[in-house]
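Structure first, then comments.
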Number of protein chains: 2
Amino acid sequence: MSLSCPIPLNDYPNVLLAHGGGGRLTHQLIQKMFLAAFGNPTLELQHDAAQLELKGNRLAFTTDSYVVRPLFFPGGDIAAMAVHGTVNDLAMVGARPLYLSAAFILEEGFPMESLWRLVLSMRDAAREAGVQIVAGDTKVVNKGKGDGVFINTSGVGILEYPGRIAPQELRTGDAVLLSGDLGRHGIAILSAREGLGFETAIESDSAPLAGLVLDLLGAGLPIRCMRDLTRGGLATALVEIAEASGLGIAIEEAAVPVCEPVRGACEILGLDPLYVANEGRFALFVPEAQAEAALERMRRHPLGREAFRIGTVGSGSGVTLKSRMGVARVLDRISGEQLPRIC
Amino acid sequence: MSLSCPIPLNDYPNVLLAHGGGGRLTHQLIQKMFLAAFGNPTLELQHDAAQLELKGNRLAFTTDSYVVRPLFFPGGDIAAMAVHGTVNDLAMVGARPLYLSAAFILEEGFPMESLWRLVLSMRDAAREAGVQIVAGDTKVVNKGKGDGVFINTSGVGILEYPGRIAPQELRTGDAVLLSGDLGRHGIAILSAREGLGFETAIESDSAPLAGLVLDLLGAGLPIRCMRDLTRGGLATALVEIAEASGLGIAIEEAAVPVCEPVRGACEILGLDPLYVANEGRFALFVPEAQAEAALERMRRHPLGREAFRIGTVGSGSGVTLKSRMGVARVLDRISGEQLPRIC
């Protein structure tokens, strides 16, 4: 490996906000810099959580830092989201989340009472998700060198079910399911941040998905792959899975649920709901023969009540969206930054 | 548990730098806020790493965020230190470090080439420590809302040796050993930060301690407890262990190794080397009968060449330092912030 910087410095001498947006520049940074340097078979799978063999046990391990603004928003806050996001990353590989760490980077001058509110919210979110916070860390940075609070949560879970859940397991003809409607988190954040007074208050969908996923696995439903739809939205998640699987994914725009208030807000703001962030939704891939049974099972769970089939895995490549008008367009990673600091 | 903020808001309405300094205010924040809310038997042990039982395996799990300034300093940088610190936390409970996560919070505008230097340094540090980086995350915050780069590393290790290594294992009469001289990291950082031109360049002692610790365990030496000496230095580590063990610790000032350049710098700056941060030193407690064998074994390892016995566990409480003059003084946590953002 060359020791010179693998990111073209003429184009990107400095880190841009879009390097954290989940789109093309994030992908480039991860591929060319982090994977190039740290590369190992586990990391290269680029799944939501690493899957590790440890003396006969199969573990999952994941990390995420949360920098969302504002700290408190309709339907959630940074601390509950830090629990949900990490629990969800473990769930997406089929693991039962067990243990979390919580590391706070506080800015000097941050109100102590706000910190306490966040700590209580984190406690409640961990209880609801059935995980224990077993390790922690606190750092404080000078005023003007942070932004209130950043939280990192890392998580450990155990893989109790046989079989691998990964993009590489996809097969032509598999059904693509979606656990619920899109875009609530992104629009809730944007609305809170910009003080947009939409007529209907939109709440974030931030929620822990492990219970729903373990229901499906416990019912013996064969899940090929799952991914939660965070920054970059459904479109980016599907593009990543299509690439990693070497197969194509075709989805029907008319089948993708977006609630009226989110659709309206997206129209006003010029956003595509397929790219807007969610924190409590996931896509899953099951064999065609089990699609109906999986949907039926999902709809029994509060977080899957609006589950829908949205498409099919095909033999091509990339992600194709068939619009209501019957026109097909190819979905790709977004180039710039759609909504910075959404998670 | 009351829902009102457990930190007295009249005294501390806002977070202070000292809340991250490792002294009395950090202790108060952890005890009254984080432990009160998240409390569970594992977290309450407050060891360097959580020890978990998982289907017959004993795992260790830990997290730390790194906010040190400057990012590059004599003897190290934030990225190598992020590997060392987390590897050391795993080693301190007797675990073999196996897997790390690496989560970066970048500030918009951070030079891409500096990021690449850090990534390469992290790769080298992980290789040297024998750990794989298996999970990662990248976030970017707006210019002026971060400080170049913050790094969180979490780590998973496996406990291969029987017996528990913890403060509660201390017994009266145990020997207190120290793996090397004190204060290099703190003085190296301060010197780099303040542009102090000390005659002799002092390098940080930042290093991965797992190899040395596993040597000791592999030789069958019964270790009661260990702790690496980070923010807060030797004194704070011993105070924490004495409290958790319910026993007293007596150390001899004359036996505590401090190199001449560090001693000189501490005198000029009015710092007590017992409280200055280290990143590659640890204290360990062994039964009196094994003290010589442990020292002999430590000195065979490059990171333990200057290991010394510095004291003895007694039946009292607290930490007592016997000065060169024969005067005894009680060591306590430091009240304020000795050196902010040292790790």
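The values are calculated or read from the model by the stated rules, or taken from the named source; none is laboratory data. Bear in mind that the values here come from a model prediction, so they are computed numbers and not experimental data. All Cβ positions, even for glycine, are placed from backbone atoms using ideal geometry, and neighbour counts span all protein chains on display. In case anyone asks, the SASA skips ligands and DNA or RNA and just uses the protein heavy atoms, side chains included. Shrake-Rupley method; radii C 1.70, N 1.55, O 1.52, S 1.80 Å.
A few remarks follow.
- Here residue B:186 does not qualify as out of contact with any strand residue (DSSP E or B) (no Cβ under 6 Å at 6 or more places or on another chain), away from every other protein chain (no Cβ under 11 Å) and farther than 23 Å from residue A:140 by Cβ.
- Candidates are the residues of segment B:25-69 that are part of a helix (DSSP H, G or I) and either of a type in the set (Phe, Trp, Tyr) or within 20 Å of residue A:142 (Cβ to Cβ) (or both); the one that is farthest from the other protein chains (Cβ to nearest Cβ) is B:25.
- From B:335, B:317, B:323, residue being under 17 Å from residue B:236 (Cβ atoms), polar (S, T, N, Q) and either open to solvent by less than 60 Å² (accessible area, probe 1.4 Å) or within 19 Å of the chain's Cα centre (by Cα) (or both): B:335
- Here residue B:282 meets the list (1) under 16 Å from residue B:229 (Cβ atoms); (2) touching a Lys or Arg at 6+ places or on another chain (Cβ under 9 Å); (3) surrounded by fewer than 23 Cβ atoms within 10 Å (Cβ to Cβ) almost entirely, failing just condition (3).
- Count of segment B:149-161 residues, restricted to those that are open to solvent by less than 10 Å² (accessible area, probe 1.4 Å) and either of a type in the set (D, E, K, R) or over 19 Å from residue A:100 (Cα atoms) (or both), is 2.
- Screening B:193, B:164 for residues that are away from chain A (no Cβ under 14 Å) and over 19 Å from residue B:260 (Cβ atoms) leaves exactly one candidate, B:164.
- Residue within segment B:170-186 that is in contact with a Lys or Arg (Cβ under 9 Å, 6 or more places away or on another chain) and among the hydroxyl-bearing types (Ser, Thr, Tyr) present: yes
- For segment A:89-105, the criterion of being in contact with a Lys or Arg (Cβ under 8 Å, 6 or more places away or on another chain), among the polar types (S, T, N, Q) and within 30 Å of residue A:214 (Cβ to Cβ) is satisfied by no residue at all.
- The residues in segment B:181-209 that are surrounded by fewer than 24 Cβ atoms within 10 Å (Cβ to Cβ) and within 19 Å of residue B:299 (Cα to Cα) can be counted, and the count is 1.
- Tally of residues being among the polar types (S, T, N, Q) and either more than 7 Å from every other protein chain (Cβ to nearest Cβ) or in contact (Cβ under 8 Å) with a residue 40 or more places away in the chain (or both) across segment B:104-161: 5
- Taking segment B:108-141 as the range and being open to solvent by less than 30 Å² (accessible area, probe 1.4 Å), part of a loop (DSSP other than H, G, I, E, B) and under 17 Å from residue B:156 (Cβ atoms) as the test, only B:131 passes.
- Residue check for residue A:95: buried (at least 24 other Cβ atoms within 10 Å of the Cβ), of a type in the set (Gly, Ala, Ser) and under 27 Å from residue B:109 (Cβ atoms): no
- Of all residues in segment B:8-24 being hydrophobic (A, V, I, L, M, F, W, C) and within 7 Å of chain A (Cβ to nearest Cβ), the one that is most open to solvent (accessible area, probe 1.4 Å): B:16
Residue by residue, here is whether (1) under 16 Å from residue A:131 (Cα atoms); (2) surrounded by 18 or more Cβ atoms within 10 Å (Cβ to Cβ) holds:
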position: B:33; (1), (2): no, yes
position: B:42; (1), (2): yes, yes
position: B:48; (1), (2): no, yes
position: B:51; (1), (2): yes, yes
position: B:58; (1), (2): no, yes
position: B:62; (1), (2): yes, yes
position: B:72; (1), (2): no, no
position: B:80; (1), (2): no, yes
position: B:84; (1), (2): no, yes
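- Positions within segment B:181-209 being closer than 13 Å to residue B:273 by Cα and under 15 Å from the mean Cα position of the chain (by Cα), in sequence order: B:181, B:182, B:183, B:184, B:185, B:186
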